[in-house]
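This report concerns only the one structure given below.
Taken together, the values in this text are just the output of simple stated rules run on the coordinates, not laboratory data. Not measured: the values here are computed from a predicted model. Counting neighbours? That spans all protein chains shown, and the Cβs are built from the backbone with ideal geometry, glycine included.
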Amino acid sequence: MMPERSESDSRKLLRRLRDSLAVSGEGQDRLDRITHLIADSMGTEVCSIYLFRDRETLELCSTHGLNKESVHQTRMRLGEGLVGRVARTARAVNTGNAPAEKGFRFMPETGEEIYSSFLGVPIQRVGERLGVLVVQSKSTRQYSEDEVYALEVVAMVLAEMTELGVFLGEGDALSALHKQPILFRGAIGQEGSCEGNVWLHEPRVVVTNPVADDPLTEIDRIRAAVGELRVSVDDLLTSEGLDKEQKQVLEAYRMFAHSRGWLKRMEEDIQRGLSAEAAVEKEQSTARARMQQVPDAYLRERLNDLDDLSNRLLRILTGQGRDTGADMPENPVLVARNIGPGELLEYGRKLRGVVLEEGSVGSHAAIVARALAIPLVIHAHSISSEALNGDHILVDGDQGIAHLRPDEAVASAFLDKMAMAAQAQERYHSLRGLPAQSQCGATTRLMMNAGLMADLPSLEGSGAEGVGLFRTELQFLVRNHMPKRSELAKLYARVIDASNDLPVAFRTLDIGSDKVLPYMKPQDEPNPAMGWRAIRVGLDKPGVLRMQLQALLRAANGRPLNIMFPFISEFREFQMARSYLLREVHREASLGHKVSTDLKVGAMLETPSLAYAPDAFFELADFISIGGNDLKQFFFAADRENELVRKRYDTLDLSFIRFLKNIVARCAKINTPLSFCGEDAGRPTEALCLAALGINTLSMRPASIGPIKHLLRRANLEDVRDIIASVEASQGDTLRPALNDYIASLPKV
Ligand code: PEP
Ligand code: MG
């Protein structure tokens, strides 16, 4: 417990603050009243408020004690001087001798040289940095712990008020939080553009009453809410079907919920004058600030637990947050820190686009966004704390950019670009029934990648000549239980029905790596992408593989069927997988089920080793599909999910092209049909090159079929081969510039 005197002091200060804010007035007047009031209450000569002008710059917005002329003139960068240091580290700086502090920078226009002591605390709201609150005195004294604490509590209330827009003046002189246009430069998750309105996956709770009159009532409220929270967490632990590891994680979570220290700290904040909600937020802010600085992944996870518990507690206290009954805006664009594939699928086709703070291109959410054909921007840092429900947003998935609350000029340029893209789509639509025949007469078969029922309408709409890759794991990922054979058989039958006799290549389960089934025990592997995944799991524990093969055979019910095995690294694995399939064929036949007489068994070539398998492999495989996403990551030893290295190596690098040529030659020698189904098949320059190399089946996301067909029809693959040969002869390293020049030289229609 804090000493009684300081408790009542800070309570008095908070109450004065609240009353002062209740009086109407311009934003600037209000800020000035506050700085005066804080200086007066704390007995300091100076009190100043610095707010973020943009994400990198702080501006002196009000002061009691410093030169008034410097207000809105004095600015500093994040990290600059003591104020900048408080903002950057989100930690208080308390010193009796400011000029002697490392990094001190004196702002002559403010007249602050006569003040020796300095106490600055961050103004922040659940990890969102809004500014810095400073008090200064002439005497060389260090502020007491109680004073630091009191100023932090005041800063917390200021943060809430800032959030509520209390300081926004008529002329918008002050930083207009959640009002200004902001550009988020993230990374490409899925191409395409859209215009829409923000829909927050986890809407934030808005605390409207940071200051409370009656601490006893607030303490009762927080105790009741924590009690409710504890019961719900205990219930989670007793739910059925939890394995040992899940229980361990929940135990840690439960420990936090039952932590006496947590509740005690919040009660102390309430004693100081905060409302129950504001006390929760204060703890949450501290945890978030710590989270950003803790390098240890385990500790960060635990702080994350605390963050999550605080959110739950706020929802209990306010009744706000998720499931508030708020209406989804028109053209919703989902904004979230991160999202799982199942949750994303629940929103389904309602969404126009998705913007995430985290995520990766190879993640499940990205695969689902691709399947739903909606643009996805990932790594848009802090967008979920910046955006409010209903905010206007433009998503540029082609460049990995999101414009939040764009100004008119940006919005109109963006809409022009979208209109042009729509015109191009129209043009592609008219090519739907035409073959991808190049000027030299060669035809490339364009197929689509799929994995969800939602993909099937695209088969007709895109003009795809079949499904070159059906990722069956998506059906496993979107459930929270292992699907039954009958369930799968029904689903695969619907896929075959919808394909209208066009071929569908079903790829058996490719789990492991980043695709972890929620109901399967995760393997603790140091390097999951090169670990126990895909066919390796299928061969070592064949139960699920066999069930899936049975479901596929039942679904085909005598119709033609194409099955391919993922991640085959050696001939023996293909032989084993194929013999499992043949065993199931015999079993099905012996049970009296119809079996397909046109059964093709293929392999995905995703590891360099398979390119050097014996001829017997190329003879036995009915077809081979290059999984370029994996093949490229293993060829260059560059993790496809690691943004730091993902783009470092180019598919059109001649070393990779020579490698692909070798695969083409080996297949050609034996007449083994070869296709390419990685993401590169849907990228124009890459697709042109692959077709010219002789890979005459390309499988891609449906939205790419139109543009690729349009390009291939205008191009002459013989010319492309000449270009490849000449770059090779000139000892070049990449084909990209030469091929881009060639594409630019083609007639536009
Ligand atoms: C690939 O690796 O290129 C591929 C198509 O498989 P996935 O992306 O599902 O790993
Ligand atoms: Mg793969």
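What to note about this one:
- Membrane-span-like helices in the chain (whole DSSP H runs, Cα extent of at least 30 Å along the helix axis, mean Kyte-Doolittle hydropathy of at least 0.0): 215-238.
- Per-residue Cβ neighbour rank within 10 angstrom, fewest leading, 143, 612, 580: 612, 580, 143
- Model label points for residue 729 and residue 349, set 7 angstrom from Cα along the Cα-to-Cβ axis, are 5.2 nm apart.
- Exposure proxy ranking, count of Cβ atoms within 10 Å, fewest first, for 205, 280: 205, 280
- Residue pairs, from the table 68/138; 484/541; 350/647; 490/709; 417/748, whose Cα atoms sit over 24 Å apart: 350/647; 490/709
- For the range 567-627, the list of trypsin sites (Lys or Arg not before Pro) that fall in a loop by DSSP and count at most 16 other C-beta atoms within 10 angstrom reads 594.
- The chain: relative contact order as a whole-number percent, Cα under 8 Å and 6+ apart: 10
- Basic side chains Lys and Arg get +1 at the Cβ, acidic Asp and Glu get -1 at the Cβ, and with that the dipole of the chain about its Cα centre reaches some 2140 debye.
- Centre-to-centre, using Cα atoms only, the range 667-732 and the range 444-474 are separated by 19 Å.
- Converting phi to 3J(HN,Hα) with the Karplus coefficients 6.51, -1.76 and 1.60 and the offset θ = phi - 60°, the range 526-535 yields x, 9, x, 5, 10, x, 7, 9, 6, 5 Hz in sequence order, with x at every glycine or proline.
- Working from Cα pairs under 8 Å separated by at least six residues, relative contact order for the range 7-163 is 19 percent.
- A cut-off of 5 Å between modelled amide H atoms, ignoring neighbours fewer than 5 places along the same chain, links residue 74 with 60.
- Order of 532, 199, 262 under a 10 Å beta carbon neighbour criterion, fewest first: 532, 262, 199
- The modelled label-to-label distance for the pair residue 491/residue 589, using points 7 Å beyond Cα in the direction of Cβ, is 2.9 nm.
- Shape call, the range 7-163: gyration tensor on alpha carbons, a/c limit 1.5: rounded
- Whether the chain is rounded, prolate or oblate, judged on the alpha carbon gyration tensor where a/c under 1.5 counts as rounded: prolate
- In the range 353-398, the GluC sites (Glu not before Pro) that fall in loop regions by DSSP, at most 16 other Cβ within 10 Å: 358
- Site pair residue 290 and residue 645 shows an inter-label distance of 3.4 nm when each label is modelled 7 Å from Cα along Cα→Cβ.
- Contour excess over end-to-end distance, with Cα ends at residue 519 and residue 536 and 0.36 nm allotted per residue: 4.3 nm
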